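The values are calculated or read from the model by the stated rules, or taken from the named source; none is laboratory data. Only a predicted model underlies this, so the values are computations on that prediction, with no experimental measurement involved. Ideal geometry is used to build each Cβ from the backbone, glycine not excepted, and the neighbour counts take in all protein chains shown.
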Amino acid sequence: MPKDKLPSRGSAFDVAAHFSDVPRRYTLKQAILIYKDEQSDCAASIHEVAGTQPGLLPGQPVTMAALEALLTALGRRVGGGFIAPEILSVGLDSLVWWSPAGRRRIWFKPNADGEDVKRLRQVSGQFIWYPPLLFKARPDALSAFALVANERPKAHTQLYKAPFWNLNDGGMCNGDIKLPPVAAENIGRFQTAFFDSAFTHNSQGGLLTTHPGGYIGLLAALAKRKSKPDTAFWMSHLVHTQQQVQTQIKRSE
């Protein structure tokens, strides 16, 4: 609404405004107050407006039902639109989806030396089988966990460590990678940021894999395989996180 159309102190609260192509007369009925703390966390309350002078009645906390009613009144339906089959959860600032197993290149750019590092450099650029993965995106953050079955996971599906460097409790070390905004249409860009990045260091605590040949042995086995590993293979060589899919979804709420 243009600034000169805003109600000024001492004026009536009804305003002639052009919110659309059709001129209509609006009357101020409610106000939403936004509160922030030192960490920029927000709270909000909704108040009825009393009288013809600026005066707010006692407010109530803003609920999802109140927001839905507001959006509906504004002509925007909540929950509409196509949901891609790979998406598991959508929040205000979070997105959880899964990616089927596939054969892709893996890249390493180790920031250390040693015999194992030399062997990893030799693997860099080769095609390996990646396990099915669960991804979670939040503002400037991307997490990845492994699945054992190549199918859409359910709430109680178990999560395993994604057997890759640069992950700390699943969270990717971004380095100089700039992640896109959290939106369903950016899933491809998030996955490119993960699959096309060069792993530089192992930031995961404990074992990355239970493969008898260790991490390099697992990568070598995944590079040599001609067929997609089955569920039994992943269960034998991945490390359980003691988490389920719903654990990550709840952490996104």
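Computed quantities for the displayed model
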item	result
Failed item in (1) within 17 Å of residue 130 (Cβ to Cβ); (2) touching a strand residue (DSSP E or B) at 6+ places or on another chain (Cβ under 9 Å), with residue 240 passing the rest	(1)
Test: residue in segment 195-210 that is over 26 Å from the mean Cα position of the chain (by Cα), in the same structural domain as residue 101 (by TED's automatic domain parsing), more than 24 Å from residue 141 (Cβ to Cβ) and surrounded by 18 or more Cβ atoms within 10 Å (Cβ to Cβ)	no
Residue within segment 119-138 that is crowded, with 21+ Cβ neighbours inside 10 Å, small (Gly, Ala, Ser) and under 18 Å from residue 218 (Cα atoms) present	no
Which listed residue is at pLDDT below 95 and touching a Phe, Trp or Tyr at 6+ places or on another chain (Cβ under 9 Å), from 200, 209	200
Residues located in segment 121-143, provided they are in contact with a strand residue (DSSP E or B) (Cβ under 6 Å, 6 or more places away or on another chain) and of a type in the set (S, T, N, Q)	124, 143
Number of the exception - residue 103 against (1) in contact with a strand residue (DSSP E or B) (Cβ under 8 Å, 6 or more places away or on another chain); (2) basic (Lys, Arg); (3) without any contact (Cβ under 8 Å) to a residue 12 or more places away in the chain	(3)
Failed item in (1) at pLDDT 95 or above; (2) in contact with an Asp or Glu (Cβ under 7 Å, 6 or more places away or on another chain), with residue 147 passing the rest	(2)
